[in-house]
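The values are calculated or read from the model by the stated rules, or taken from the named source; none is laboratory data. Predicted, not measured: the structure shown is a model, and the values here were computed from it. Don't worry about glycine lacking a Cβ; one is built from the backbone with ideal geometry, like all the others, and counts go over all protein chains shown.
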Amino acid sequence: MGELKPHSVTIPAHVAIIMDGNGRWAHARSLPRSEGHRQGVEAVRRAVRSACDLGIRYLTIYSFSSENWARPKSEVNDLLGLLRRFVRQDVAELHSAGVRVKVIGDRSELASDIVDLLEESENLTAGNTGLTLVVAFNYGGRQELALALRRVASEVEAGMLTADQVNVNLLSRYLDTYGIPDPDLLIRTSGEQRISNFLLWQLAYTEFVFIEEHWPEFDHDIFLRALCEYSGRERRFGGLTAQAV
């Protein structure tokens, strides 16, 4: 694997990944889309191992969006089956490695066995202090914001808040990601250059790196390449650099 932390690479605290291209990877090899998704799970395992080795504190993966229900039923069922197997087979290993699992997204209409699996994985790993793996499942950024605003409006209506108390810091407390720092880096695979309703609030000052490889190809070397590109960025958060002052 080589040197894990080259001196030229800045290690971000939080990396978010849009895992794109499973279907295109499979199509290019005349394989069914289901095989692309299965290989995508292997890429998740590699990404988690790399994040642990590199000392990244938070890794957020966009595993299933709220729009993915519109895909063919057979594909949705395959994705849900992969989720079930991943949780049953991998959570014990994640737990032994000190990984904490947190799931974000709407659980209100999920099958009860999936909700149980998600809660079990969170409860089992809640005390771990290593990498926090944030799994965005049945997640949509607009939906997250709408639900947060609904909660704020309800509390204003009930007299628990006043309108002038509503600000950026307060609204952040009602988001799924409360207590998690915003991503420093977003990686999207497969050459696409959009964020697809992912972490709309949290990505306000995130650096984006788009890579051509499809998600099943993602490995430690590709991860390092994205980190090298991130390391060359100058983050200003809306301000000026010292040279520009």
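Overview of values
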| item | result |
| --- | --- |
| Unique residue being charged (D, E, K, R) and in contact with a helix residue (DSSP H, G or I) (Cβ under 8 Å, 6 or more places away or on another chain) when the list is R100, R57 | R100 |
| Number of the exception - V101 against (1) under 15 Å from the mean Cα position of the chain (by Cα); (2) of a type outside the set (K, R); (3) assigned to a loop (DSSP other than H, G, I, E, B); (4) farther than 21 Å from N77 by Cβ | (3) |
| Members of the stretch 51-78 that are in a helix (DSSP H, G or I) and either modelled with pLDDT under 95 or of a type in the set (D, E, K, R) (or both) | D53, N68, W69, A70, K73, S74, E75, V76, N77, D78 |
| Extreme residue, nearest to D90 (Cα to Cα), among residues of the stretch 28-50 that are among the charged types (D, E, K, R) and not in a loop (DSSP other than H, G, I, E, B) | R45 |
| Test: N138 is modelled with pLDDT of 90 or more and touching a Leu at 6+ places or on another chain (Cβ under 8 Å) | yes |
| Residue within the stretch 168-191 that is closer than 30 Å to H27 by Cα and among the polar types (S, T, N, Q) present | yes |
| From the options A26, A13, residue that is surrounded by 19 or more Cβ atoms within 10 Å (Cβ to Cβ) and either under 25 Å from F210 (Cα atoms) or not hydroxyl-bearing (S, T, Y) (or both) | A26 |
| Leading residue by the ranking (surrounded by the fewest Cβ atoms within 10 Å (Cβ to Cβ)) among those in the stretch 89-134 that are closer than 22 Å to A13 by Cβ and of a type in the set (S, T, N, Q) | T129 |
| Flag if E192 is touching an Asp or Glu at 6+ places or on another chain (Cβ under 8 Å), buried (at least 18 other Cβ atoms within 10 Å of the Cβ) and not hydrophobic (A, V, I, L, M, F, W, C) | no |
| Selected residue (only one of L82, L94, L118 is out of contact with any helix residue (DSSP H, G or I) (no Cβ under 6 Å at 6 or more places or on another chain), under 24 Å from G36 (Cα atoms) and touching a residue at least 40 places away in the same chain (Cβ under 8 Å)) | L94 |
| Among (1) over 22 Å from S50 (Cβ atoms); (2) touching a Ser or Thr at 6+ places or on another chain (Cβ under 8 Å); (3) surrounded by 17 or more Cβ atoms within 10 Å (Cβ to Cβ), the one test that L175 misses | (2) |
